[in-house]
Amino acid sequence: MEIGVSIYPHFVNKGKALPSVLADIKIKDYDFVQIFPHALGLIKNGQVVEKNLRSVENALKGVGVNYTIRMPLSVNLRDSIYYTRHFKVARAVIDVAIKLGAKIVVMQSGRTGRLDLEIEALQQLADMAESFGIKIALENTYSVKDTLYVVESVNKKNVGFALDLGHAFLSAQGDENRFLEDVKLGTEKTIILMIHDNFGKLSPQVEPEDTLAYGVGDLHLMPGEGKIPFGKTLKLFGDVPLLIKIKDPDTFATLPTKKGLIELLTSI
């Protein structure tokens, strides 16, 4: 089982440079990382910053860890007003993936706007990526069904599903049976499975610092700290890479080894 770790932008700072963060992940036996190239200075004004590529490439290859690429969360290819700007950034991310030799690019499906624009844009990006063996994995913002509809409408062999279990659980409003039924819909199209925990509650609306107290929203907790039945869920999948998405720096720093995480996931 391949398991990777998402390296969120705030984990890399002056006190902890990229090579050091990568080394910590490597020591714990994880197979790959997810990086955000725009946060590493590789994209500016919709263009690849060529001069910064070498240092990132050297860090990744020096540590000897595989990697996937994550598009900025702001990319919304359904936005008809600023579509050109969004597409320019998305295309630059694909270009970075090509230059770094990454094989998976993950992006979130847009929340609002014109669905036809997103489908057409993904078809163009898929054509760009296909020659280099790159797959585009579309992540469910919440609903599994909505995102699968986009993937199927794009109808490209190298476009699949990045199934975010935390988002799916919120979409199912914490109903375990509904959640498992939704997840089953995505098993065949899933390229990468994203894991983090929550309580399946979207309301009431509270201040950001109060979300954990209320157990509300997309909390990105360690598996076992929320209510997602990971043991049952993983049995639905074959050999699909897992990506753990933990946003809290302290939790990230104490992440268990790959072996420890597998034991945790299968025990829940």
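The values are calculated or read from the model by the stated rules, or taken from the named source; none is laboratory data. Fair warning: this is a prediction, and the values are worked out from it, not measured in the lab. Positions of Cβ are backbone-derived with ideal geometry, glycine not excepted, and every protein chain shown enters the neighbour counts. Please note that ligands, DNA and RNA were not included when accessible areas were found on the heavy atoms of the full protein model with its side chains. Shrake-Rupley method; radii C 1.70, N 1.55, O 1.52, S 1.80 Å.
Applying the selection to the stretch 191-208, what residues are of a type in the set (Gly, Ala, Ser) and open to solvent by less than 60 Å² (accessible area, probe 1.4 Å)?
Answer for the stretch 191-208, where residues must be of a type in the set (Gly, Ala, Ser) and open to solvent by less than 60 Å² (accessible area, probe 1.4 Å): just 200.
Among the residues of the stretch 248-262, what is the count of those that are among the small types (Gly, Ala, Ser) and open to solvent by 30 Å² or more (accessible area, probe 1.4 Å)?
Number of matching residues: 1.
In the stretch 76-108, what residues are open to solvent by 10 Å² or more (accessible area, probe 1.4 Å), in contact with a helix residue (DSSP H, G or I) (Cβ under 7 Å, 6 or more places away or on another chain) and part of a loop (DSSP other than H, G, I, E, B)?
Within the stretch 76-108, 76, 78, 79, 80 meet the criteria.
Which ones in the stretch 1-16 are hydrophobic (A, V, I, L, M, F, W, C) and more than 14 Å from residue 253 (Cα to Cα)?
Residues satisfying the conditions are 1, 3.
Within the stretch 168-190, track down each residue that is open to solvent by less than 10 Å² (accessible area, probe 1.4 Å) and in a helix (DSSP H, G or I).
Passing the criteria: 168, 169, 170, 179, 183.
Which of the numbered conditions does residue 30 fail, given that it passes all the others? Conditions: (1) in a helix (DSSP H, G or I); (2) open to solvent by less than 20 Å² (accessible area, probe 1.4 Å); (3) in contact (Cβ under 8 Å) with a residue 24 or more places away in the chain.
It fails just one condition, (1).
If we keep just the residues of the stretch 209-247 that are open to solvent by 70 Å² or more (accessible area, probe 1.4 Å) and not in a helix (DSSP H, G or I), which is modelled with the lowest pLDDT?
239
Do we have residue 10 as modelled with pLDDT of 95 or more and part of a helix (DSSP H, G or I) here?
no
Could you please find all residues in the stretch 194-239 being over 20 Å from the mean Cα position of the chain (by Cα) and hydroxyl-bearing (Ser, Thr, Tyr)?
Those that are over 20 Å from the mean Cα position of the chain (by Cα) and hydroxyl-bearing (Ser, Thr, Tyr): 203, 211, 214.
Filter the stretch 33-58 down to the residues that are of a type in the set (A, V, I, L, M, F, W, C) and either over 16 Å from residue 243 (Cα atoms) or loosely packed, with under 13 Cβ neighbours inside 10 Å (or both) and list them by number.
Within the stretch 33-58, 39, 40, 42, 43, 48, 49, 53, 56 qualify.
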